[in-house]
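Shown next, in structure tokens, is the structure this report addresses.
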Amino acid sequence: MNRALDLFLTFVKIGLFTFGGGYAMISVIENHCVERKKWITHDEMMNLTVIAESTPGPIAINCATFVGYRIAGFRGAFFSTLGVVIPSFLIILCISAFLDHFLDIVIVANAFQGIKVAVGILIVDAAVNMMKKMSRKPLSIIIMLGSFTATLLITIFSWTFSTISMMLIAAAVSLLYYTIKEHGKKESRGK
């Protein structure tokens, strides 16, 4: 099968059967692109998630674009991105065109309550899988626990704090740590 068509169909399926946006899609993208298709490795998926989160645009679209580009260049990026966007676009177009009070329908409202739970589970699944694959270095664990605690406190107390700021702080701490570590190695070699 043509690579671009395979990418398109894979991401159409991901986009069609994943509710809840990008974070819920991460575990599904990982399942299809890492485990089933073997297009990228687990490490690449972790790096991709960080890059997709820190670049402008929805995380699922950024992930699809990266995977597509990695597999089939610009053409792959185009068809992967198109594949992940088309289902949501068509579903919202149909809903807005035909149903004025879509969420007022009892069955639909109840279905969305169930979908909220499933989205939460997908997000937790993605987080657990990333933690399993994370390097077990003390700094990585400290940054992970610190970020988790900060996110929890921000949510509980409804503080306004950007996740981008949190990522920049984590990057600065990591950069500072490795700069100090490398400086110490150079000094010990110089003695």
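The numbers here are math on the coordinates, done by the rules we state, and not lab data. Computed from a predicted model, the values in this text were never measured in an experiment. Glycine also receives a Cβ, built like all others from the backbone with ideal geometry; neighbour counts cover every protein chain displayed.
Name all residues of the range 35-67 having a backbone nitrogen under 18 Å from the label point set 7 Å from the Cα of Ser174 along its Cα→Cβ direction, giving them as ranges. Residues passing the 18 Å test: 41-56, 63.
Estimated at 0.36 nm per residue, the fully extended path between Asn2 and Glu44 surpasses their Cα-Cα distance by 12.8 nm.
One way to sum up the overall shape of the range 3-134 is the equivalent ellipsoid from its Cα gyration tensor, whose semi-axes run 27, 19, 11 Å, largest first. The angle between the Cα long axis of helix 42-54 and the main principal axis of the chain comes to about 80°, on a 0 to 90 degree scale. Can you figure out the FRET efficiency of Leu152 with His101, using R₀ = 45 Å and their beta-carbon distance, to the nearest 0.05? With R0 = 45 Å, the Cβ-Cβ based efficiency is 0.80.
Under 5 Å between amide hydrogens, built in the peptide plane, is the criterion, and for Phe161 it picks out nothing among residues at least 5 positions away or on other chains.
Arrange the peptides 42-55, 77-90 so that the one whose residues have, on average, the most other Cβ atoms within 10 Å appears first. Show your work: numbers first, answer last.
Details: 42-55: 16.1, 77-90: 20.1.
Most protected by this proxy first, the peptides run 77-90, 42-55.
Taking each of Lys38/Lys181; Lys37/Lys181; Lys137/Lys186; Lys37/Lys133 in turn, the alpha-carbon distance tops 30 angstrom for Lys38/Lys181; Lys37/Lys181. From the C-alpha coordinates alone, can you work out the Kirkwood hydrodynamic radius of the range 136-191, in Å? Computed over the range 136-191, the radius equals 13.0 Å. The length gained on full extension between Ile51 and Leu145, counted as 0.36 nm times the residue separation minus their Cα-Cα distance, comes to 31.8 nm.
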